[in-house]
1. Can you spot a residue in the range 185-196 that is farther than 25 Å from Ser126 by Cβ and surrounded by 15 or more Cβ atoms within 10 Å (Cβ to Cβ)?
2. Output the number of the condition that His112 fails; it satisfies all remaining conditions of (1) at pLDDT below 95; (2) under 19 Å from Lys86 (Cα atoms).
3. Within the range 93-108, can you find the residues that are of a type in the set (S, T, N, Q) and either out of contact with any helix residue (DSSP H, G or I) (no Cβ under 8 Å at 6 or more places or on another chain) or within 13 Å of Thr125 (Cβ to Cβ) (or both)?
4. So which helices (runs of 4 or more DSSP H) stay within the range 152-239 end to end and still have 1 or more residues that are out of contact with any strand residue (DSSP E or B) (no Cβ under 8 Å at 6 or more places or on another chain), polar (S, T, N, Q) and touching a residue at least 24 places away in the same chain (Cβ under 8 Å)?
5. Any idea which residue in the range 208-250 is nearest to Ala190 (Cα to Cα), counting only those that are β-branched (Val, Ile, Thr) and surrounded by 12 or more Cβ atoms within 10 Å (Cβ to Cβ)?
6. Given Lys157, Lys178, which one is among the basic types (Lys, Arg), surrounded by fewer than 22 Cβ atoms within 10 Å (Cβ to Cβ) and closer than 30 Å to Arg231 by Cβ?
7. Identify all residues within the range 100-123 that are surrounded by fewer than 23 Cβ atoms within 10 Å (Cβ to Cβ), without any contact (Cβ under 8 Å) to a residue 60 or more places away in the chain and closer than 26 Å to Thr175 by Cα; write none if there are none.
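The values are calculated or read from the model by the stated rules, or taken from the named source; none is laboratory data. As the structure is a computational prediction, the values presented were derived from the model and not from experiment. No Cβ is skipped: glycine too gets one built from the backbone with ideal geometry, and neighbour counts run over all protein chains shown.
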Amino acid sequence: MLFACIVLKKLLQLPFTVKKLILFILIILSCFELRANTNGTDSLVLKQAPQLTKSVIDSLKQELGAIIDDSLKAPVYTQIAQQYIKFDTISNRKTRVSYQNLAIANTLSALHLYSRYNDTSGLQTSFDDLARVYHAQHKYSQAKWFILQSNSLARIKNNNPAVINSLLELASIKTDIKDYKLAMRDLNEALQIASQNHYSKQESQVQLGYALYYDKQKNYGKADIALKRSRAIDDSIKKADEAKLIAKISSRDSVIQAKKKLYTMNSRKLSRLNSTKKTALL
């Protein structure tokens with residue numbers, strides 16, 4: 001364990017590639033504690049879960065047990081983990097921690113398989129989920145490590161929306177640990193990418209990030225301004241969507257009217273033709 005962590009620190013100083021990221025994952029799986037026996041806890045937690053979610057998890061587990069090909073198991077582990085992540089905000093602390101630990105355990109199982117088969121999309125989803133759960137547990141070092149891996153992979157893939165999402169999570173973590181200067185840097189970069197690429201929805205999320213950032217610093221004036229900007233962007237998106245819908249309906253109605261007009265003209269022509277034929281027969 002100690003040796004693996006030392007090697008990891010050395011590797012983190014080197015430039016990123018996808019293959020190196022896979023190697024990091026294999027090492028990190030040995031650095032982070034994972035309870036091998038979660039079956040007893042899993043059963044106890046499910047007894048306390050709402051019936052609908054219990055049914056979903058039971059169904060996913062049955063699906064997992066029926067899969068022979070390991071490469072197909074990872075997405076199911078991810079789905080199970082994301083069911084547990086939904087309980088992140090429940091009031092009972094003991095139950096909440098159990099849900100979070102099961103989310104981590106299933107995500108690490110998925111991560112191991114994603115890394116084996118070089119599934120970068122699956123890796124990124126796992127990084128995001130682990131960062132979210134560790135952040136909720138106030139384990140900021142782990143949360144920061146995983147979201148940085150997500151950010152690095154998103155940059156390698158030139159996936160700007162994913163880069164923005166990871167920057168927002170990273171800024172939130174840094175804000176919680178009062179690293180305000182670096183948090184602002186991440187928010188500013190996220191805003192720049194969103195603005196340059198006209199990602200309106202994500203630009204609204206960035207403004208929410210600013211609002212949370214200023215709220216943590218008790219700068220409620222700036223927090224309120226950022227919140228209003230977010231709402232204004234959301235209103236613009238809503239109006240644009242409504243305009244598109246109206247245009248689509250109008251276009252559809254125009255087509256229907258054109259078809260009706262054509263049908264009426266053809267009916268009249270047919271009627272006149274029939275009248276002419278009758279006259280000729282007389």
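1. Initially, the range 185-196 is screened for residues farther than 25 Å from Ser126 by Cβ, giving 185, 188, 191-192, 195-196.
Then keep just the ones that are surrounded by 15 or more Cβ atoms within 10 Å (Cβ to Cβ); that gives 185, 191.
Scanning the range 185-196, I find at least one residue that is farther than 25 Å from Ser126 by Cβ and surrounded by 15 or more Cβ atoms within 10 Å (Cβ to Cβ), so the answer is yes.
2. (2)
3. Of all residues in the range 93-108, those of a type in the set (S, T, N, Q) come to 95, 98, 100-101, 106-107.
Answer for the range 93-108, where residues must be of a type in the set (S, T, N, Q) and either out of contact with any helix residue (DSSP H, G or I) (no Cβ under 8 Å at 6 or more places or on another chain) or within 13 Å of Thr125 (Cβ to Cβ) (or both): Asn106, Thr107.
4. Numbers: elements: 160-176, 180-196, 200-216.
Per the criteria, 160-176, 200-216.
5. Start the filter on the range 208-250 by keeping residues that are β-branched (Val, Ile, Thr), which leaves 225, 233, 237, 246, 249.
Going one step further and asking which of them are surrounded by 12 or more Cβ atoms within 10 Å (Cβ to Cβ), we end up with 225, 233, 237.
Values: Ile225: 18, Ile233: 16, Ile237: 19 Å.
Ranking the qualifying residues of the range 208-250, first place goes to Ile233.
6. On the way: Lys157 fails: closer than 30 Å to Arg231 by Cβ.
Sole residue among the options that is among the basic types (Lys, Arg), surrounded by fewer than 22 Cβ atoms within 10 Å (Cβ to Cβ) and closer than 30 Å to Arg231 by Cβ: Lys178.
7. Gln100
Residue-wise test of (1) over 20 Å from Gly209 (Cβ atoms); (2) not polar (S, T, N, Q).
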position: Tyr84; (1), (2): yes, yes
position: Arg93; (1), (2): yes, yes
position: Tyr117; (1), (2): yes, yes
position: Gln124; (1), (2): no, no
position: Arg132; (1), (2): no, yes
position: Asn158; (1), (2): yes, no
